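Some notes on the structure that comes next.
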Amino acid sequence: MSERVLSMNLATLRGAWGLAEAVEGCLKQGITTISPWRDQIKAVGMEEARRIIAANGMRVASLCRGGMFVADTKAERQSALDDNRQAIDEAAEIGAGCLVLVVGGLPPSSKDLNESRKVVAEGLAAILPHARAAKVPLAVEPLHPMYAADRACINTIDQGLDLCEQLGDGVGIVIDAYHTWWDPNLAAAIARAGRMGRILGHHISDWLVPMRDMLLDRGMMGDGVIDLKAFRAMIEQAGYQGPQEVEIFSRDNWWKRPGDDVVRIALERFNTVC
Ligand code: ZN
């Protein structure tokens, strides 16, 4: 069994803390791996962000996020590509292990999801040379199909892996338990990801019943219906030895709590239910 390492996705702590406070709060409880979001870096400036990360010896699992390749006009698509190249540079500057991509759903004028998938593949191909040159792997995150319209038209691990096969080196996937737990092909898909060596990250949270908001009501591990121990066993069997990253968007609950409490409870649950 691999060493159990918890990475803290800083979205989890954004209700209480900015980058500096989050790093301090994580370190205080022994967490040394984080994934910041671009807005959290922008809020303090790149230079200061780099200083905070280096001075505290933090490991940066990933930068969140790029993507959103889908748009109605050519100009908008071009600006998305430019923004993604910028995100790649930012990921390189903070030494991130990869750049997480939420690829985009349907543009306003379209009902053609397969066209969106084509645009996403083209967008990834367009930024891939820049990513390879910067040595920043692109981590496509398949999202739950409830987001197919507005956030991501890549909805299963297998779809993500098909893209990897199509595009070659420099692209992998993030396997987020919240987004993928329902998949009837989950075990085989995780095993395939392992065989292909494409698992760049693994996010954990829980699926609450009932869920009050499809974006901002994710649960703390153990509060919902995902069998996180079984999930972990599949991921480890697939050869993934990286950290498990706690990523909880929770406007009305966890984002309202003191950051120290969120970190403490995440660690407790990580050690008991994951
Ligand atoms: Zn995620």
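Filtering segment 217-267 to residues that are among the hydrophobic types (A, V, I, L, M, F, W, C), more than 23 Å from R65 (Cα to Cα) and surrounded by 18 or more Cβ atoms within 10 Å (Cβ to Cβ) leaves I226, L228, F231, M234, A238.
For segment 194-216, the set of residues classified as touching a Phe, Trp or Tyr at 6+ places or on another chain (Cβ under 8 Å), over 13 Å from I248 (Cβ atoms) and open to solvent by less than 40 Å² (accessible area, probe 1.4 Å) consists of G194, I199, H202, listed by residue number. The single residue among G105, G123, G67, G97 that is of a type outside the set (A, V, I, L, M) and at positive phi turns out to be G67. In this structure, is A191 open to solvent by 30 Å² or more (accessible area, probe 1.4 Å), of a type in the set (A, V, I, L, M), more than 16 Å from the ligand (Cβ to nearest atom) and within 28 Å of D112 (Cα to Cα)? No.
If we scan segment 168-176, do we find a residue that is at pLDDT 95 or above, more than 15 Å from the ligand (Cβ to nearest atom) and over 24 Å from A61 (Cβ atoms)? No, segment 168-176 has no match at all.
Inside segment 9-37, can you point out the residues that are assigned to a loop (DSSP other than H, G, I, E, B), within 16 Å of the ligand (Cβ to nearest atom) and in contact (Cβ under 8 Å) with a residue 60 or more places away in the chain? Spell out the reasoning first.
Pass one, segment 9-37, residues assigned to a loop (DSSP other than H, G, I, E, B): 14-18, 29-32, 36.
Checking the rest, the ones that are also within 16 Å of the ligand (Cβ to nearest atom) come to 14, 36.
Across segment 9-37, the qualifying residue is only R14.
If D158 meets every condition in (1) within 16 Å of the ligand (Cβ to nearest atom); (2) under 30 Å from R132 (Cβ atoms) apart from one, which number is that one? Of everything listed in (1) within 16 Å of the ligand (Cβ to nearest atom); (2) under 30 Å from R132 (Cβ atoms), D158 misses just condition (1).
As a summary of the residue check, M68 satisfies the conditions (1) surrounded by 13 or more Cβ atoms within 10 Å (Cβ to Cβ); (2) closer than 19 Å to E245 by Cα except for the one numbered (2).
Taking every residue in segment 227-256 that is over 21 Å from A16 (Cβ atoms) and pairing it with any residue that is open to solvent by 10 Å² or more (accessible area, probe 1.4 Å) and in a helix (DSSP H, G or I), at least 6 positions away or on another chain, the pairs with Cβ-Cβ distances below 6 Å are M234/A187; A238/A191; A238/G194; G239/G194. Here Q40 meets the list (1) over 21 Å from V174 (Cα atoms); (2) in a helix (DSSP H, G or I) almost entirely, failing just condition (1).
The values are calculated or read from the model by the stated rules, or taken from the named source; none is laboratory data. None of the values given here were measured: they were computed from a predicted structure. Heads up, the Cβs are rebuilt from the backbone with ideal geometry, glycines too, and the neighbour counts pull from every protein chain shown. Protein only, heavy atoms only, side chains kept; ligands, DNA and RNA dropped before computing areas. Shrake-Rupley method; radii C 1.70, N 1.55, O 1.52, S 1.80 Å.
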